[in-house]
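Presented below is the structure to which this report refers.
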Amino acid sequence: MNLNNKLAVVTGGGRGIGRGITEKLLAAGAHVLIAQRQLLDNDLADNEDISYIHSDLTEREAPYQ
């Protein structure tokens, strides 16, 4: 699958199943936006193909709090 020049949004993309999804999307060439409560680890934070937004998606107003 070729996802070059595509943006994927992954909630909880820095841990567990979300992390695996993030890694597969990156391998396919996508830029990934991760929305989650926890900060990204250094490997993800240093990746230029990843953007991050701190957000608690259990809150109705997220990510605009």
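The values are calculated or read from the model by the stated rules, or taken from the named source; none is laboratory data. Keep in mind that what you see is a predicted model, and the values were worked out from it rather than measured. With ideal geometry, Cβ positions are generated from the backbone for all residues, glycine too; neighbour counts draw on all protein chains shown. Surface accessibility is based on the protein's heavy atoms, side chains included, excluding ligands, DNA and RNA. Shrake-Rupley method; radii C 1.70, N 1.55, O 1.52, S 1.80 Å.
Annotations
- So residue 4, is it open to solvent by 60 Å² or more (accessible area, probe 1.4 Å), modelled with pLDDT of 95 or more and in contact with a Gly (Cβ under 6 Å, 6 or more places away or on another chain): yes
- Any hit, the stretch 46-56, residues being hydrophobic (A, V, I, L, M, F, W, C) and surrounded by 13 or more Cβ atoms within 10 Å (Cβ to Cβ): yes
- Selection within the stretch 10-42: residues that are part of a loop (DSSP other than H, G, I, E, B) and among the hydrophobic types (A, V, I, L, M, F, W, C). The member of this set that is least open to solvent (accessible area, probe 1.4 Å) is 30.
- Restricting the stretch 39-65 to residues that are at pLDDT 95 or above and among the acidic types (Asp, Glu), the residue that is nearest to residue 4 (Cα to Cα): 49
- In the set 45, 28, only one residue is hydrophobic (A, V, I, L, M, F, W, C) and more than 13 Å from the chain's Cα centre (by Cα); that residue is 28.
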